[in-house]
Amino acid sequence: MLPKSTTQVKRTSIREQVYLRIQEWIISGELKPGDKLKDQQLADALGTSRTPIREALLRLEEEGMVQTKANSWTQVAPVDIQQAHRLYPMIWTLEKLAVSFAQANIKPEHIRQLGAINEELERALEQENALDAQQCDARFHQVIIDLSANEELIGVLDGLKKKLRRYEVAYFNGFSGAEQSVEEHKAIIAALIDGNFAAAAENIEINWKNSFRRRFAALETNGFANVLLEDE
């Protein structure tokens, strides 16, 4: 029997859940570039009408994750590896900006939190758990981003990193080169302990630039010789 007092699910909530679910399927690679997206099939899978599906696909098309040919097909957009060259500099630039906003909010407990997450990253690497390592790395950076308390900056970085995840899944095997990231994170933490926020910001940029180089170097090693590192 249903409870006497219930709250109906809001249509906006359904739309958002549908959008986030399809977006995650695309980002994670469950829906691959070129896969056709059919309204009714998605509606059946998610237990909704076709309306929120269509609205979600329109949003995802605006984000560049979906392509549509009028009166013909809708499909997952291809992954253009060259866009990753544009995403990395944007991300490290905005994360440096996040440090400047976060200065007034960073407390000793936050620095201890960063240290604990970095130790989790190190353990995940020792256990060769790539998924946990990727999540720990993301959490480390997110602590500083959230402390910026700048909703617009947080939102932009979230969107950029979701796009970057598509490239990591498609080309970089999820996460690589993280052993060096542990030491680079330690340099960020040391700068924060010293209250040297300029050095912390520079070390964040170094971490991202080195990650960029390591991942593309691994990509070339794995046979993608046409992908070249851009000079900084």
For the stretch 84-103, does any single residue satisfy the condition of being modelled with pLDDT of 90 or more, open to solvent by 70 Å² or more (accessible area, probe 1.4 Å) and not in a helix (DSSP H, G or I)? yes
Note down all Cβ pairs under 8 Å where the first residue falls in the stretch 38-60 and is open to solvent by less than 20 Å² (accessible area, probe 1.4 Å), the second is acidic (Asp, Glu) and assigned to a helix (DSSP H, G or I), and they're at least six residues apart or on different chains. Ile53/Asp39; Leu57/Asp39
Restricted to the stretch 200-232 and to residues being among the small types (Gly, Ala, Ser) and either farther than 19 Å from Arg112 by Cβ or touching a Cys at 6+ places or on another chain (Cβ under 9 Å) (or both), the residue modelled with the highest pLDDT is Ala201
If you check Val169 against the conditions, is it under 29 Å from Ile22 (Cα atoms) and in contact (Cβ under 8 Å) with a residue 60 or more places away in the chain? yes
Would you call Asn150 over 14 Å from Trp92 (Cα atoms), more than 16 Å from the chain's Cα centre (by Cα) and open to solvent by 40 Å² or more (accessible area, probe 1.4 Å)? no
Within the stretch 125-137, the count of residues that are free of Cβ contacts under 8 Å to residues at least 40 places away in the same chain and either at positive phi or crowded, with 16+ Cβ neighbours inside 10 Å (or both) comes to 4
Tell me which of these Phe197 doesn't satisfy, since it passes every other one: (1) under 24 Å from Gln23 (Cα atoms); (2) open to solvent by 10 Å² or more (accessible area, probe 1.4 Å); (3) among the aromatic types (Phe, Trp, Tyr). (1)
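The values are calculated or read from the model by the stated rules, or taken from the named source; none is laboratory data. Just so you know, these numbers come straight off a predicted model, no measurement behind them. Cβ coordinates were reconstructed from backbone atoms using ideal geometry, including for glycine residues, and neighbour counts include every protein chain displayed. Accessible surface is based on the protein model in full, side chains and every heavy atom, while ligands, DNA and RNA are left aside. Shrake-Rupley method; radii C 1.70, N 1.55, O 1.52, S 1.80 Å.
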